[in-house]
Amino acid sequence: MTLRFIAKDPETNGDHCPTVWVRHEEQEIVVQGWLADAVLKAECLTTGPIPDNEGVVRLPFRMIQAIREACDVAEGATVR
């Protein structure tokens with residue numbers, strides 16, 4: 001399995017919460033977050049379309065450390 005768990009949102013109960021992973025072989029950062037509502041999606045669409053195979057999710061600022069860690073892990077995996 002290439003999916004490496006980084007962190008879950010520290011302020012949730014650990015169930016159904018924003019989460020960050022890294023997929024080394026695919027060179028991807030994977031996030032689970034809250035779905036964007038119609039208003040936020042409309043704002044995002046002002047910069048271009050959102051393809052059917054993509055989505056907009058929201059992560060709280062308290063996940064910044066986990067996202068940084070995922071970036072560091074991903075960057076380290078590409079420097080070989």
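Summary of values
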read-out	value
Selection count, the stretch 21-32, where residues are outside any strand (DSSP E or B) and either open to solvent by 60 Å² or more (accessible area, probe 1.4 Å) or free of Cβ contacts under 8 Å to residues at least 40 places away in the same chain (or both)	3
Filter result (assigned to a loop (DSSP other than H, G, I, E, B), open to solvent by less than 70 Å² (accessible area, probe 1.4 Å) and closer than 27 Å to Gly76 by Cα) within the stretch 1-20	Thr2, Asp9, Cys17, Pro18
Subset of the stretch 33-54 (residues that are touching a Lys or Arg at 6+ places or on another chain (Cβ under 9 Å), open to solvent by less than 70 Å² (accessible area, probe 1.4 Å) and touching a residue at least 12 places away in the same chain (Cβ under 8 Å))	Gly33, Ala36, Leu40
Matching entry among Arg23, Arg4 (being among the basic types (Lys, Arg), at pLDDT below 95 and more than 12 Å from the chain's Cα centre (by Cα))	Arg4
Matching residues, the stretch 40-57, being closer than 22 Å to Asp9 by Cβ and outside any loop (DSSP other than H, G, I, E, B)	Leu40, Lys41, Cys44, Val57
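The values are calculated or read from the model by the stated rules, or taken from the named source; none is laboratory data. The shown structure was predicted, so the numbers you read here are calculated from the model rather than taken from an experiment. Here Cβ is always computed from backbone atoms with ideal geometry, including for glycine, and neighbour counts include all displayed protein chains. The protein model used for the area step is the full one, side chains on, heavy atoms only, and it has no ligands, DNA or RNA in it. Shrake-Rupley method; radii C 1.70, N 1.55, O 1.52, S 1.80 Å.
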